[in-house]
1. List pairs: first in the range B:317-330 and more than 11 Å from B:Ser343 (Cα to Cα), second surrounded by fewer than 21 Cβ atoms within 10 Å (Cβ to Cβ) and among the basic types (Lys, Arg), Cβ under 7 Å, 6+ apart or cross-chain?
2. State whether one or more residues within the range A:53-64 are buried (at least 17 other Cβ atoms within 10 Å of the Cβ), within 14 Å of chain B (Cβ to nearest Cβ), touching a helix residue (DSSP H, G or I) at 6+ places or on another chain (Cβ under 6 Å) and of a type in the set (A, V, I, L, M).
3. Quick check on my filter: what residues within the range A:1-25 are in a strand (DSSP E or B), more than 14 Å from chain B (Cβ to nearest Cβ) and not charged (D, E, K, R)?
4. Among the residues that make up the range B:121-137, is at least one of them in contact (Cβ under 8 Å) with a residue 12 or more places away in the chain, touching a Cys at 6+ places or on another chain (Cβ under 8 Å), closer than 26 Å to B:Leu48 by Cα and among the hydrophobic types (A, V, I, L, M, F, W, C)?
5. Name every residue in the range A:29-52 that is of a type in the set (D, E, K, R) and either within 12 Å of chain B (Cβ to nearest Cβ) or closer than 17 Å to A:Asp9 by Cα (or both), in order of residue number.
6. Within the group B:Lys222, B:Lys152, B:Lys162, B:Lys218, which residue is at positive phi and outside the structural domain of B:Leu291 (by TED's automatic domain parsing)?
7. Which one is nearest to the other protein chains (Cβ to nearest Cβ) among residues in the range B:86-117 that are of a type in the set (Lys, Arg) and in a helix (DSSP H, G or I)?
8. Can you name the condition, by its number, that B:Tyr82 falls short on among (1) within 14 Å of chain A (Cβ to nearest Cβ); (2) at pLDDT 90 or above?
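The values are calculated or read from the model by the stated rules, or taken from the named source; none is laboratory data. Source: prediction; values computed, not measured. All Cβ positions, even for glycine, are placed from backbone atoms using ideal geometry, and neighbour counts span all protein chains on display.
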Amino acid sequence: MKILAHPIDIIAVFKEAGRHPIPYRFKYTDTDGDICDVVIGKIISVDEKRMAGARTYNYLCQSEINGVERQYVLKYNIQECKWQLYKI
Amino acid sequence: MIIMHIDANSAYLSWTAADMLENGYDIDIRNIPSAIAGDPDNRHGIILTKSTPAKRYGIKTGESLLEARRKCPDLKVFPPDYDLYMRCSNAMYDILCRYSPAIQRYSVDECFLDYTRSTLKFGDPVKAAYEIKEAVKEELGFTVNIGVSTNKLLAKMASELKKPDMVHTIFPCEIEKKMWPLDISELFMVGRATAGKLKAVNINTIGDLANADRALIKALLKSHGELVWEYANGMDGSPVVLNEAIVQKGVGNSITVPYDVLDMKEAREVLLALSERVGMRLRAIRCISSLVSLHLRTSELWGYGHQVQLQRYTDSTSDIYDIACGLLEECWKGESLRQIGVSVSHLSGNADRQLTIFDREGLEKEERLNKTVDAIRREFGERVIERAVFANTETDPIQGGVNDGNYLMMGGYKNEDLGASH
């Protein structure tokens, strides 16, 4: 996986009992300029990180993108309330 | 007593590097000739920190960007990001809090930690220091040096020994071996001037100073001599003071203007913008002051100042501004000015104040106005309300401070904290 750190539009679920938001589906523009709409297949792990002092949740996820099962990392920056497609 | 001194290695640069790596930048700027420097267009173009490879080119902290580029044309320069630095500093502090409640934030990138009572829970201090070092590296992405010893001075000297990413000790039995061979200028509180005076009497290493006659050093350097002599012998009784316990003695702000100030009108504008900041900060710590000082630096880098002791106390922006203007008129000889600073001291709590028959009229009204303006700025942002003088001008209505006011560079207050406590 390569770091992309690309801001994304996302739909996430904030559950009453959950510790962190759960990403549901997101949109991003790939290298060819095509817009991909990805529904998150499964969340494999969630880590809370504090790299360079920024509190984030990093989600290792897996989905079918353009017919291929791929793993990628979504990142939620808690202070800025922003989502990124962090690695793919 | 067991004290640790934790020091982030080339702080600004490694924090920027960690942040850039985290955001997908493919080069670690710590491994190439790079530096953090202000904006040369605003005349803030001095090197704030440099990487180890840049150091090899002879680039020094504090020199101008132009000089640095001459030494190393490939130097990569990045602007400072004070929000990031505060965030990294806070994150480092949070990690330290796991090991002891007694932490003194000595500066944005340095902390003293009193480990004395933590030994019962966390065991050997050196082992704990390694744990802290690794935790910071692993979790935050930058490296620190940690010095371990029996007092603050020795801990600080230890953390300066060899960098980066190391743990050192200088326990009293190791002073002779580890500290005494160092050059005298390496000793804490020995600056260029003191080092020069000591070298003139053939005191070249810390060991030379430690073994010199205390009375002789006192005769040479007065009370400061006694202090450095004690430091050279590893003596320091100062405790780790929590930042909340430090009493603030003054508030001051200065600004290096982007272009030289030549006339009184311009100078007054800058003074007003600085007085706004100083007044806001003074009221935020709920103090009033009875001493106002003005500092000027000319374009030839020659500085001088003037101050006045008031017969009353004030925390009003307009009052501070009026007094600063008076000082400016008295002392400014009309040279072109590069830097202007306003500061206030002799503080007292604002809960009670002695009124005098010479008080200006409308003082209470002005107090209420200041309070309201402060509240509006806290709620909606600093620049939502400004003095009419600044309307339709290029001048920033509030000036001074590295982090746009929201700074607790050291021992200060965060605006949010104050908002919550009001």
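1. Close Cβ pairs (under 7 Å, with a partner that is surrounded by fewer than 21 Cβ atoms within 10 Å (Cβ to Cβ) and among the basic types (Lys, Arg)) amount to B:Cys325/B:Arg268.
2. No, every residue in the range A:53-64 fails to be buried (at least 17 other Cβ atoms within 10 Å of the Cβ), within 14 Å of chain B (Cβ to nearest Cβ), touching a helix residue (DSSP H, G or I) at 6+ places or on another chain (Cβ under 6 Å) and of a type in the set (A, V, I, L, M).
3. Narrowing the range A:1-25 to residues in a strand (DSSP E or B): A:3-7, A:9-13, A:22-25.
Then drop every residue that is not more than 14 Å from chain B (Cβ to nearest Cβ), which leaves A:9-13, A:22-25.
A:Ile10, A:Ile11, A:Ala12, A:Val13, A:Ile22, A:Pro23, A:Tyr24, listed by residue number.
4. Scanning the range B:121-137 turns up no residue that is in contact (Cβ under 8 Å) with a residue 12 or more places away in the chain, touching a Cys at 6+ places or on another chain (Cβ under 8 Å), closer than 26 Å to B:Leu48 by Cα and among the hydrophobic types (A, V, I, L, M, F, W, C).
5. Here is the first cut: in the range A:29-52, the residues of a type in the set (D, E, K, R) are A:30, A:32, A:34, A:37, A:42, A:47-50.
Listed by number, the residues that qualify are A:Asp30, A:Asp34, A:Asp37, A:Asp47, A:Glu48, A:Lys49, A:Arg50.
6. Of B:Lys222, B:Lys152, B:Lys162, B:Lys218, the one residue that is at positive phi and outside the structural domain of B:Leu291 (by TED's automatic domain parsing) is B:Lys222.
7. Initially, the range B:86-117 is screened for residues of a type in the set (Lys, Arg), giving B:87, B:98, B:105, B:117.
Checking which are in a helix (DSSP H, G or I) leaves us with B:87, B:117.
Details: B:Arg87: 3, B:Arg117: 26 Å.
Applying the filter and picking the extreme gives B:Arg87.
8. The failed condition is (2).
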